[in-house]
1. Counting Lys +1, Arg +1, Asp -1, Glu -1, what net charge surrounds Gln93 among other residues with beta carbon under 10 Å of its beta carbon?
2. Quick check: residue separation of Thr40 and Val119 times 0.36 nm, minus the Cα distance between them. What number comes out in nm?
3. Sort Phe71, Phe58, Phe84 by Cβ crowding within 10 Å, fewest neighbours at the top.
4. So how far apart, in nm, are the two label points at Lys95 and Lys54 if each is 7 Å from Cα heading toward Cβ?
5. What does the charge count near Asp74 come to, summing +1 for each Lys or Arg and -1 for each Asp or Glu among other residues with Cβ under 12 Å from its Cβ?
6. Once segment 40-130 is represented by equal point scatterers at the alpha-carbon sites, with solvent omitted, what log10 I(q)/I(0) does the Debye formula produce at q = 0.25 Å⁻¹?
7. Using the number of other C-beta atoms within 10 angstrom as an exposure proxy, rank Val113, Val107 with the fewest first.
8. Find how much the distance from Asn81 to Thr68 grows on full extension, using 0.36 nm per residue of separation minus their present alpha carbon separation; answer in nm with one decimal.
Amino acid sequence: MDSLDGYISRLPQGRRRSTSPSFPTTQSTASCTVNMGKATKALKEFIASIPESKLTGFPTRSGEIWSTTEFRLDMQGMTSNREFNLQIQANRQAKITSVRGLAPQTVAGPVLVGEHEAVTAEQVRQRLSNSMLI
């Protein structure tokens, strides 16, 4: 942790805040690496486990497309350019504490898919992976 001293300042109750945008500002430094690592790993597993049928033929209305205890894939609605706005959000009932602490924030996305864009489920999966925010 000594190498981070230039980037992190002490806050009350043993919490630390980063003065650099590359460090989280609300997680304690001691647990951040482990917990956010668990959250990131869980998000990668979630994206990999989304059924192919849920990654094509999107609904035009907002709502949940697919969900697990930790995360949900949501259709946020159609953009003015007729694109599906897909996002993955953390669930409040998540078993992983760091995921639960992120709820109901978006943890991946937005991924925009044109209404008539020819994309495969694997391409959408890759876009979700590339848009991970944790």
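1. On the way: positive: Arg92, Lys95, Arg100; negative: Glu70.
Its environment carries a net charge of +2.
2. Difference between extended and current length: 25.9 nm.
3. Phe58, Phe84, Phe71
4. Those two pseudo-labels are separated by 1.6 nm.
5. That works out to +2.
6. Log-scaled intensity ratios, in q order: -1.32.
7. Val113, Val107
8. Taking Asn81 through Thr68 to full extension adds about 1.7 nm, to one decimal.
Every number here is computed from the coordinates shown, using simple stated rules; none is lab data. Quantities reported herein were computed from a predicted structural model and do not represent experimental measurements. Cβ atoms come from the backbone with ideal geometry, glycine included; neighbour counts cover every protein chain shown.
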